Amino acid sequence: MLLVGIRAIILYLFVFVAVRIMGKRELGQLQPYEFVIAILMADLAATPMEDPGIPILQGIVPIASLLFIYLLLSWIMLKNEKARSIICGAPAVIISRGRILEHEMRRARYNFSDLLEQTREKGFFSLADIEYAILETSGVLTVIPRQDKGPLTAGDMGIYNPQREPSYHLIMDGRIHRQSLIESGHTEQWLRDELAKLGYQAPRDVFYATLEPDGNLRVQSREQKGRWFGA
């Protein structure tokens, strides 16, 4: 019995370290490949834990292999936006400007029951109150309410009252996100010109750039982490 307990502690500590290396995510925010790896890790750890006749390395080695696969996929997705879209998929806009997009729901195999359940969880009991709803790749629904249905803000008091629109993520990790650039109504040359005004020679010098609903281009450089520049 003592041996079983020691094996259980060793496997627990090993899986715990592996999960810590994988990073901080809630269960509902796991990507599909992360969810599969988590299930397999649990199963691989349980088998040698229950049967003392199975060498403990038969549990540790496969778990280490899964951890390597996870780190490899994470690195590939960090370096390649197309690979990320293939592995994780792309967010689906379910509601746009108050209109439910049927073709996006069919593409995501997302039904009305799911939509109503998740909007209620967000505190919306009528779809008419929603301006945008985006189904993220993790399965979480992001909801932006209509202008007159959201919480009271400084803009509602006349201080500043912008139209609720999503931000456009134009550059991520030095790479231009061309689909967002097209949706924003701007060209790559415009983006390069705006970056040049801020002192950036190329998009690779930018860690993150977003076009805000008020038309303000916000850029975070690689060298000065956390500092924002407004155009």
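No value in this document is a laboratory result; all are computed from the given coordinates. For clarity, every value in this text was computed on a predicted model and none was experimentally measured. FYI the Cβ positions are ideal-geometry reconstructions off the backbone, even for glycines, and counts take in every protein chain you see.
The angle between the Cα long axis of helix 32-50 and the longest principal axis of the Cα atoms of the chain comes to about 20 degrees, rounded to the nearest 10.
Note on residue 103 and residue 85: the extension gain reaches 4.6 nm, defined as 0.36 nm multiplied by sequence separation minus the Cα-Cα distance. Given +1 at the Cβ of Lys and Arg, -1 at the Cβ of Asp and Glu and no other charges, the dipole of region 2-86 around its Cα centre is 380 debye to the nearest 20. Note on residue 50/residue 144: beta-carbon distance plugged into 1/(1 + (r/R0)^6) with R0 of 41 Å gives a FRET efficiency of 0.30. Just to check, using Stokes-Einstein with a Kirkwood Rh over alpha carbon pairs, what's the diffusion coefficient of the chain at 37 °C and 0.692 mPa s in µm²/s? The calculation lands on 154 µm²/s.
Rounded to the nearest 20, the size of the Cβ-charge dipole of the chain about its Cα centre is 440 debye, with Lys and Arg at +1 and Asp and Glu at -1. Per-residue ellipticity at 222 nm, computed for the chain from helices alone with -39500 (n - 2.57) per DSSP H run of at least four residues, works out to -14000 deg cm²/dmol.
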